[in-house]
Structure formats: structure tokens, C-alpha cells
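The next block holds one structure in the form of C-alpha cells; read it before the comments.
The values are calculated or read from the model by the stated rules, or taken from the named source; none is laboratory data. Quick caveat, the model's predicted, so the values are computed rather than measured. With ideal geometry, Cβ positions are generated from the backbone for all residues, glycine too; neighbour counts draw on all protein chains shown. Quick note on the areas: whole protein, heavy atoms, side chains included, nothing else; ligands and nucleic acids left out. Shrake-Rupley method; radii C 1.70, N 1.55, O 1.52, S 1.80 Å.
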Amino acid sequence: MAISFEIVFFGVFAGIAVILAIMMLSVKSPVHAALCLVGVMIMLAILYLMLHAYFLSVVQIVVYAGAVMVLFLFVIMFFYSPGASDPSRMSVHFTHIAGAIILAVILLAVITGSFLLSGNVSLTEKPSAAQMTDIEKPIAETSEAPLTEETSRMIEKQNPQLVGRMLFTKYLLPFELTSLLLLAAMVGAVVLARRSPPAEAGSAGGDGND
Amino acid sequence: MTLMDIVWAAVRAAAVLVVTLGGMAYLTLFERRVVGFFQRRPGPNRVGWQGLLQPIADAVKLLFKQEIIPRNADKFVYFLAPCISLTAAFMLFAVIPIQSNFAITGIDAQTSLGLIEDVNVGLIYILAISSLGTYGVILAGWSGGSKYSFLGGLRSCSQMISYELALGLAIIPVVLYAGTFSLNGIVIAQQGFFGSLLAKPVNLIALIPIAIAGVTFVISMFAETNRNPFDLPEAENELVAGYHTEYSAMKFAMFFLGEYVSIIAAGALAATIFLGGWAGPLWFGPISGIVWFTAKTMFFLYLFVWVRATLPRFRYDQLMKFGWLVLLPVALLNVILMATLVVFGIGLTPA
Amino acid sequence: MTSMEFSPQTIDFTAIMPIIIISAGILVTLLLPFAAKGRAKIINPLVALIVLLAAFISSARIWDLGRASFDGMYTADNATLFASFIFIIVAFITVIAITARYCPFLRSPDGEGLFASPEVFPLMLTVVVGAIVMSASRNLILTFLAIETLSIPLYVLAGMNLSSERSKEASLKYFLTGAFASGFLAYGISLIYGAVGKLGYHAILDACSPTAADYTLYAGLALVAVGFGFKVALVPFHAWVPDVYQGSPALISGFMASLVKAAGFTAILRFFGEGIVPLYGIWWVAIAIIAALTMTVGNLMALNQIVLKRLLAYSSIAHAGYLLLAVLIIGKEWSEKGVTAGAPLGDAMQCAFFYLAGYVFAIIGSFAIIWWLTPSDKEGALLEIDDVRGLNDRHPLHAALFALFLFSLAGFPITAGFLGKFFLFASALSHGFILLVVFALLNAVLSAYYYLKIIVAMYMKSAPEHASLCEEPSPNPWIYAVVWTCTLATLWLGIIPASILGLLGSVSVGG
């Protein structure tokens, strides 16, 4: 396979993501670490873009880089003025590096091993119907032939529609459950952040007789 | 993708960059002259005919000013912040359709001449990039190492986050109406209002939620670009100069650039989403798309300046209250209204 | 799987009716506090109780029907329903107990934690929804979200005692370990998705083949197992339990120890039994080792504890170890016979559910007693064995009930705990886990030591000079109701097990 632009771009952006991730762990200032994480998020979004998952890519930026990390920074900045470094950040010890390398080797072995040993997955082969993901399925079904130029173009064009349809039909239950989850999280945050229990209404005063 | 494609993309990007920068430079002049007009004074009129060379003089001045970097600044972030501000502002232009292909070739109305090929996530992209712009402000405020700039940064950040919600919700009715996130698709969906081209008959009831959305959108955009009456981040009499207090010379100029570029982008967006972008009632050859687009953008730019010259600044708590208790509920109800119209098919043409 | 055109008509609403009812209850209880003042405050717990009752009835109505909704993603088979009954009853009991401390006019001078925030009720209902969905889910995404829905309100509930530093600490510790566990779970799920391309348990079942090794899948499964391990506190992942159970208000500790364990084990049984059972040959060794470790470490650590809540926390870890036997049994049984829809659940589920039912009442009862005995100026987190010395002389009823719950936890006859252990171990024995059962029996003997230590302190030692317990635990009908319910359930399950076993016998895998 000739080296296409895509592979080059993938190498560049994935490489930047990895470097930023390492920097996030190693830089002294917490604000810098948070910024590196933002960078990782953006690189991931670019990788999604290259997979033609436009909607996911943009949502990745809106949610993680645009909302979550801004609030992170907001809090971090209250505690650290410029130039200060986090004293609680661990200095890197030999065992940490050794542990990281061992884990990395294991993960690499797992991923390469799964391709080499199981033999039923190949990078170039078109996925069989059983292996097709949920999002590919409806498209493949409407067009019979799996993922021709035209269908993949359709995925691009109708990205948000496809995601939306999945969310509101097949994954409706998880979707609704998420709303419950977020509600609980919000209520919980309010409860815990409240300085003192709410003043006792009805002048009970704690004696139990009102 | 071939090399040619990449070169062509680069050329288009460069063209938009140059035009925007020029536009930005003269927007400053425009603003000063118009504000002067409102205040019954001439405004800058000495450099060149009617002050036309004033922006160039300003640029030269800023370039040669002394650069002061605070000693306790976080150098890396201090340099990064203005870059983020400016880049984010420029990136907004990537998805705005400037001209229809139809206008030139007369065949394909579905594609447009924006900076990048039309994708179906344009509007969310806008939200994403404008949320990235927040970083420039908050990082600038923090990295200077001074309390005033930090307070300015925090204020600005919470302001932008709060109004981003209303901004996002203001867009939804339009998406519901057009059925697409693509900006060009939205322009085409508005043909019935704003253009003879491909006109579809439209029931006017749909105009109500769209108009409310438009007002909400513009108000949020004022807040997002830190413009009057929401220019609290740089409230001079409280916070010196807000988040960019510690910046000088070219870095200050970059924030300045960023602010004006994002104003232009906001105007262009409002024109695209609510006034039909490149479409116009009158058709006069290939360049008519660009002309209409520019005219509509200019209208919004004038609105920006007009508001600045007229309205006083909000107090901070008023600003937050307005964002959360007025704008957000209105936008939310408006979404519900539009959804009802869509579901029951009132006032909408069949898709 | 045919692609069915989705429409609201294809959702089986009767299957998900219990969670719909409870979700509605969450919203109502969340909005009511603004209206309720003074005596009217009681409307909050009352609504919660009514909602739980309605959910119970709507669950009971679909018993034996084997309903499923959302393309089999959510199954309301009898296993789910039985688990739901446990969750709802547990929540019901806890809400009743909390009511005593929530309403000012009912407030007794004793009892730990104030529960002044009305949000405690919607949060508890959310936990129940999470638990029910967890037990019903046959899709990893849904399982993950259900676990989060269960956990997040619990982090808050653990910190509900706003005046106590320990409670805040418990909340934070629980949150951090929980978030860590979720990370494992999410990473595992993404690897499984990468390997299989699907998230449904049946799809995973089809993709698991014991012959062709797929190491991505294995890594994913291992990470998911670790995530589950954190949630139900299996041994290498148990370190958070003592601190969290000690710091939280005792009633909440009881709620966590019972409901979360039950929900976690139902989800584990489903995932291991219906999802990855073909790989039994690979995972059984790991599970067996973890089971042995969990019971042993739990019991050994409990031996030297002097704080009652910590002791119960460690003992609950040991119980999780016993329960893992059920996972092994189900794996062995189904890997031999193969899973078929509609087949009876078999021994493993019966034993596991019976054990869970017995355990749940005993542990809630114990924590309720601790809560009851704690004077309001003292933290239950500090109540030690020495404090209950001579309890029998002062409060014979409390001592007797506490002793009963401890006997049940230890597994003495005529209590539910005995039969639970008996069925579980017998079943494990008949499936050939001889070594493990010997190990478990030794552990049970070990555990008897520390349970008896408390009982000896209550009955055979004299009271300490300065009484650190409540002088007179108030005769509050609400708490009586709770403790007596647990007592009756423990005895009932211990003496007439046939009634529940008959119910469990008809439990089957949903189609």
C-alpha cells in the first residue's frame, strides 16, 4: 500500500497526541498539564475527523475541550498563580518508569497479539456483517453492498442524523438513563456544596415538638 | 486527496485570511468614525483622506511599541494566549459559505464556496471553535500574574460560558427548520425568505421562532465577543483593562485583532444563519453572492458599533442574571415552540 | 438480528414500568420540598414510599412473563425481578428509617446523622433505578450507565452527614475509587467493542470462542472484571470499603452494603453467565483465586477491628468472597449445558439470590442497630465493641436483635445466613469445587470468632463506667418497623426457606 496523506497525517496527529499525553504527566505546572490535556482532546478530535466521524469530532471539542476542561482550568487557576508548581506532584521515580514501560509493553503485546494470533481480524478486509458496528449496519442494509464510495459519502453527509437516530431509537434507554444520571449528579453537587443544612422550616427547633 | 487539492485549499485559506485582516483593519476605523458621528465629533480624519490610512498608522505604532513582559508571568502560557484568541477567531471562517457554486456555474446549488467543503456539522463546529476562544481569554488573564487581569479573565470566562448556552440554544430552531447543521444547507432553506433563487413558498408562522432565535443569537454574540454592553472583561474603570492588562505591543495587538476578527465572524454568521447568507432578491452575475453576503455582514457590523455607541454597560450580576434567567429560558422556550411547529407541521413547507 | 423499524410501539413499556415509575418519583420528590414545610415535610418520604410500593407491584405483575424491551437490551426476566424486589425492599426499609430523622416532629434525640436535606429521597430512588437497570441490562453500555447511575448518588449519600468530617472523607474516597473503577470499566468496554464490534451480551457470547484466542477481548474482559471488582469490593480492590462504610451515616452504610452488593452481583452473574460463559475455562482460575483471597482477607482484617462499622465493612467484603462461588457455579453449569433462553436459572442463581436475600436483611439490621444506639452527640463512626459491653443489661431487646443479625451473618442455624451458606456451599460442592468449599468453611469458622466477640461483649461483660451509648434509645415506631422487618425476614428465610426457594425455582433466563 502506498503511503497516502492519510497515513502521514495520522502519524503526525497521533504522535502529537502521545507527546502531549506524556507532557501532561511530566510538566510541573498544573495549568500546563491541563493545557496538554486540552491538546490531547483536540488531537483526538482530529483523528475522529480523519475517520469521517465529523459529528463525534466536533462534539468532542465542544464537550471536552470547550466545557469540561475550561471548568478544570477555572478551578486550577484559583489555586496556582503563574510560576508556582504543584508540590504534591510526585517526582518521577525509577519504579514509575519501569512500571509504565511494562504496562506499555503488555498493552502493545495485547493489541498486536490480537491481530497476529487470532488471525480473524485484518486491517484491509471489509468487515463481515457480524463484525459490523451498529452505526454501519443501517447503511449497509439499505445499500446491500457494504460501504461503497457512495455509502461512505452518505455517512459523511448524514453524520448527525445517523447518530441522532441511533440515540433516539436503539439506544433510547441508555440515553434516558444518562439524563437521570446527570440530574442526580447535579442534585448531589448542590447538596454537597451547600455550606450548612437548610434552616429548619416550621420552627421545629430540634426538640421534636412543634 | 492530491497535492493540488491541498494547494488549492491553502490558497483559499490565504485569501480569506487576507480579506478578513483587511476588513478588520478598516472595521476599527469604521467603528471610530461611526462612534465619532454618534458623539458629534469627527473621529480620526487626519491620516490619509478621511483617515483612510489610520489603520496602517496604528499597525506601525503597535509594531514598534516597547514590549513589556511581567516578571512573574508564566511565559509559555503568556505567549500562547493571544495566539489562541486570534486563531480561534480566524477558524470560525472555515465553514461560512461565502458564495454559492450555483451563482458561478449555475449547476450545483448544494455545494458552496466556503473555505472548506460543506460538511453537515458546520454549526456545531462554530460552537466548538467559539468555546475554544474562551481559553485565550482565561489563559491571558491568569498568565499575567496580576489580580486585575485574573479577575478580568475569570469574569470573561464565566460570561462566555454562560452565554454559550444561549447561543447554542438559539441555533437549534434554525436547525430544526432547515433540517441540517450545514451552513450552506441553512442558506438554501431560507431561500423562500431572502432570495428568488430556488425559492420555496414559506408560511410566515415559522418566522416567529426564527426571529426570536435571531435576537437571542445576536445578544449572545455580543456577550461572546465581549462587546458593549457586555464588555465587562475589560471594564476600564474597574479592572484597568481586564484580561489583557499585562499585555503590550504586538501581543496586545493580537488580542485586538482577535476581537475584531471574531466580530466580523459573528456578523457573517448572523448574516448566514438568519439573513440568508449569499442569497439575495436581486441577481446580477457571478459576484452577486459575495456582494449580498458582504452587505448583510456589514449591516450586522454597523449594528455592533451602533449598540456600542448607544448602550451603557451592564453590571456584572445583572449580566449573569440576564444570561441565565432571561436569555436562556427564552431560548429554551423558543426551541420548544419551533419543535411544536415542526412536529405538527404548522407553518412549514413539506421537506 | 433483523433491523426492525423503530417506533414507540416496539418498546415494551410493561417491562420498564418499574423504572419509569421510580423516575417519575424522583422528579416529584425533588420538586416537593419547595412546597413542604413543618409537618407537611412527611409528604416527601411518603411519596418515596408510595413510589417504591408502586414499583414493587408493577414488578410483581410481570413476574414469570419474561418480558424484554429495547431489542433485548433490557430484560425483565425473573432474575431481574427478584433482584428488583430486594432493591425495592431495601430502599423501602431505609427510607422508613431515614424518615425518623428527617421530619422534625419525629426526630428522636438519638441516631446518627441529621438527613436534613430533602434531596436524600430522590437520590435514593435514583440508586434504586440504577440497581434495577444494572440487574436487567444485557448490554455493556447500559450496564456501564446503570453502574454510574447507582454510584453517583451514593457518593453524595455517603457525605450526607454534613457536620461530620469523616462523612465528607468517606464521600470523597468513595468518589475517587469509584471514578477509578469506572475508568477501568470504560476502557474494558471499549476494548471489547474493538474486538467484537458489539456490546450486547449475546453478541459477546457469540464472539467468545474458547479455541481462537482474541487477546483484545481478553484484556477488555479483564478490565471490566476489575471494574466490577471495585464496585462489589473484591479483594485487591477493596481498600475503600472500611473507610467509606465507617464514615457514612450508618443507615447509608447499610444501604450500600446491601443494595450495591446485590446489584453488583446480579450484574456480574448476568455478564459472566450470559456474556462470557464460553471462556469459562480461562476465567475460572482467576475468579477462584479472587474468591479465596476475598473471603480470607476480609475475615482476617475483621478479626482485629474494634470499631463496629469497620468490622461490619470487612465482614461484608468476606461475604462478597462467598458470593463469588455462585459465579463459578453458574459458569461451570452453563459452559457445560449451554445457555438457552427460557431455561431455569439453575442452582447458582437460586443459591446466590437466597444468600443475597439473607445477607441483605442481616447487614441492614446490624447497621440500623448501630445507628439506633449512637447518641446524636457522638459519631457512629466511632462506636466500638467496648461501647456495647453489657448492652444486654441496659437494652436487652437491642442486644437480642443485634445478636440475631450477627448470628445470621456468621451463618448459625435457624437464621437466613445459615441456609444461605448451606445452599451455596452444597451447590459448589456438587459442582466439584471441593478445595474452595473447604476454604470457605474454614473462613466461616474464622468469621464466627469476631461476630461472637461482639455478642460476648454484649452479654457477658459488664457495662463500661461512662456510658457512651444512648441512655434510652427512643421507642420510635419508624425504627422499630425497620428492625423488626429485618428480624422477621431473617427468621422467616431461616425457618421456612421453601417459600422463597419455590419462588426462585421458577426463576428463569429471559428470552
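Values as computed for the structure displayed
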read-out: B:R32 being surrounded by 14 or more Cβ atoms within 10 Å (Cβ to Cβ), modelled with pLDDT of 85 or more and out of contact with any helix residue (DSSP H, G or I) (no Cβ under 7 Å at 6 or more places or on another chain); value: yes
read-out: C:V241 vs. criteria aliphatic (A, V, I, L, M), farther than 20 Å from C:Q350 by Cα and assigned to a helix (DSSP H, G or I); value: yes
read-out: Count of residues meeting criterion [among the aromatic types (F, W, Y) and either crowded, with 18+ Cβ neighbours inside 10 Å or away from chain B (no Cβ under 12 Å) (or both)] in the range A:1-26; value: 2
read-out: Test result for C:F412, free of Cβ contacts under 8 Å to residues at least 60 places away in the same chain and open to solvent by less than 10 Å² (accessible area, probe 1.4 Å); value: no
read-out: Looking only at the range B:36-59, and only at residues there that are open to solvent by 80 Å² or more (accessible area, probe 1.4 Å) and assigned to a helix (DSSP H, G or I), the one that is farthest from B:T225 (Cα to Cα); value: B:W49
read-out: Filter result for C:S248 (of a type outside the set (D, E, K, R), within 14 Å of another protein chain (Cβ to nearest Cβ) and either within 28 Å of C:M295 (Cβ to Cβ) or open to solvent by 10 Å² or more (accessible area, probe 1.4 Å) (or both)); value: yes
read-out: Residue that is within 30 Å of A:G39 (Cβ to Cβ) and small (G, A, S), where the choices are B:A59, B:A89; value: B:A89
read-out: Condition check for A:S29: surrounded by 19 or more Cβ atoms within 10 Å (Cβ to Cβ) and of a type in the set (S, T, N, Q); value: yes
read-out: Subset tally (residues that are assigned to a loop (DSSP other than H, G, I, E, B) and either within 20 Å of the chain's Cα centre (by Cα) or of a type in the set (V, I, T) (or both)) for the range A:1-37; value: 2
read-out: Failed item, numbered, when B:S288 is tested on (1) under 22 Å from B:I210 (Cβ atoms); (2) modelled with pLDDT under 85; (3) of a type in the set (S, T, N, Q); value: (1)
read-out: Residue in the range A:54-68 that is farthest from B:I129 (Cα to Cα), counting only those that are crowded, with 20+ Cβ neighbours inside 10 Å and of a type in the set (A, V, I, L, M, F, W, C); value: A:F55
read-out: Within the range C:131-150, tally of residues that are crowded, with 24+ Cβ neighbours inside 10 Å and more than 8 Å from chain A (Cβ to nearest Cβ); value: 11
read-out: Residue match in the range C:238-249 (condition: touching a residue at least 12 places away in the same chain (Cβ under 8 Å) and closer than 26 Å to C:V437 by Cβ); value: yes
read-out: Matching residues in the range C:208-231 - criterion: being open to solvent by 10 Å² or more (accessible area, probe 1.4 Å), within 8 Å of chain A (Cβ to nearest Cβ) and either of a type in the set (A, V, I, L, M) or in a strand (DSSP E or B) (or both); value: C:A212, C:A213, C:A219
read-out: Any hit, the range B:60-76, residues being within 14 Å of another protein chain (Cβ to nearest Cβ) and in a helix (DSSP H, G or I); value: yes
read-out: Top-ranked residue in the range C:162-175 [being in contact (Cβ under 8 Å) with a residue 24 or more places away in the chain and out of contact with any Gly (no Cβ under 6 Å at 6 or more places or on another chain); ranked as surrounded by the fewest Cβ atoms within 10 Å (Cβ to Cβ)]; value: C:S163
read-out: Top-ranked residue in the range B:143-159 [being part of a helix (DSSP H, G or I), open to solvent by less than 10 Å² (accessible area, probe 1.4 Å) and within 11 Å of chain A (Cβ to nearest Cβ); ranked as nearest to B:V95 (Cα to Cα)]; value: B:C157
read-out: For A:L37: the one exception among (1) touching a residue at least 24 places away in the same chain (Cβ under 8 Å); (2) more than 13 Å from chain B (Cβ to nearest Cβ); (3) under 26 Å from B:L92 (Cα atoms); value: (2)
